[in-house]
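Novice: Structure below; questions to follow.
The values are calculated or read from the model by the stated rules, or taken from the named source; none is laboratory data. Note that this is a predicted model, so its numbers are computed, not measured. These accessible areas exclude ligands, DNA and RNA; they are computed on the full protein's heavy atoms, side chains included. Shrake-Rupley method; radii C 1.70, N 1.55, O 1.52, S 1.80 Å.
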Amino acid sequence: MGHSLVLALSISAPVLCCDQGFAGQGTVLEARGSVAQVPVGQERRSHEPASQLPAEATTSPSYSPEQVQRGQSLFSVQCGFCHGRDAAGGEAGPDLTSSELVAKDIRGNEIGQVVRAGRIDKGMPLFNVNDADLAAIVAFIHDQKIKITSKEGRRRTVQMEDLQTGSAEHGKEYFNGAGGCSKCHSPSADLAGVASRLRGLALLHHMLYPGGGRGAGPVAAAATVTVILPSGETVRGKLAYKDEFVIGLTDSSGWYRSWFKSQVKFTVDDPLQAHVEQLGKYTDETMHDVLAYLQTLQ
């Protein structure tokens, strides 16, 4: 099989993310357990574990077409950049239609807390929204979940069994041999217990793109650049920009500086360059073999 890469959409954690353009708006509000339109007398019940609720409270509620349509408009503006306009995954956010958090949500008691409190560590700001708007957004998310999950052949996630096609033995051979992975990594050092920390697609994503991104784990050391000016002065810093014509860096004082490549000499030290080059060497077989090997590093 020729060289190729697997492109997959999935969710590694039930995280809500929103349009970065709204970051910082509003003030921190107390997270609420439920949103508007919960029938009188059920406010307290909505905070109870699902297993203690009556059967009718744990089923998917129905929403009016008007509320769903309003939620679609709000979601598209405020959340679509990350989660996609259809809530099935986007630029940076996961597929909410397959989210465990959404699955156990009852009229916003789970979604509402995340929207109003945010998840700053995941890159999601808090949102100051009123009960009616939040209820509409919740209605749209649940409506999309029902529509997508009810259609056969429209699975948007990657299951663990989808990734179990490789040979751990062959993966270990590739890791220590042709792949050259052992030159920088060790199963008893930086990779010790990696399969316990990352599973499924999150582990594959970390293997292919260790520099960051959703589910990729800790961000590796940033690339650095050393620039020698015509005067002989040497400037060092974190690589901030590079294209065909310009090289830019952020120096130790936090200043951004850039030069035309043709006018300076420079060297770039990127700890992840080997991974970038490896992407062009992997075949489907070797990629899944290495993944199978990494899954043994519990």
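Novice: Of K122/K242; K122/K145; K183/K242; K104/K145; K183/K261; K122/K238, which ones are farther than 19 Å apart at the Cα?
Specialist: The pairs that break the limit, which is 19 Å between Cα atoms, are K122/K242; K122/K145; K183/K242; K183/K261; K122/K238.
Novice: Also, quick follow-up: Please work out the Cα center distance from the range 73-130 to the range 234-298, rounded to the nearest Å.
Specialist: 32
Novice: I'd like the accessible area for T283: 1.4 Å probe, protein heavy atoms, all chains in place, Å² to the nearest 10.
Specialist: 30
Novice: Work out Dmax and Rg for the range 93-193 from the C-alpha atoms and quote the Rg first, both in angstrom.
Specialist: 20.6, 59
Novice: Enumerate the amide H contacts of V129 below 5 Å, restricted to partners 5 or more residues apart or on another chain; note that Pro and chain-start residues carry no placed amide H.
Specialist: So V129 has HN proximity to no qualifying residue.
Novice: Expected output is a single nm value to one decimal: the length gained when fully extending between I120 and Y241, i.e. 0.36 nm times separation in residues minus the C-alpha distance. What is it?
Specialist: Details: separation 121, 0.36 × 121 = 43.56 nm, distance 2.58 nm.
Length difference between fully extended and current span is 41.0 nm.
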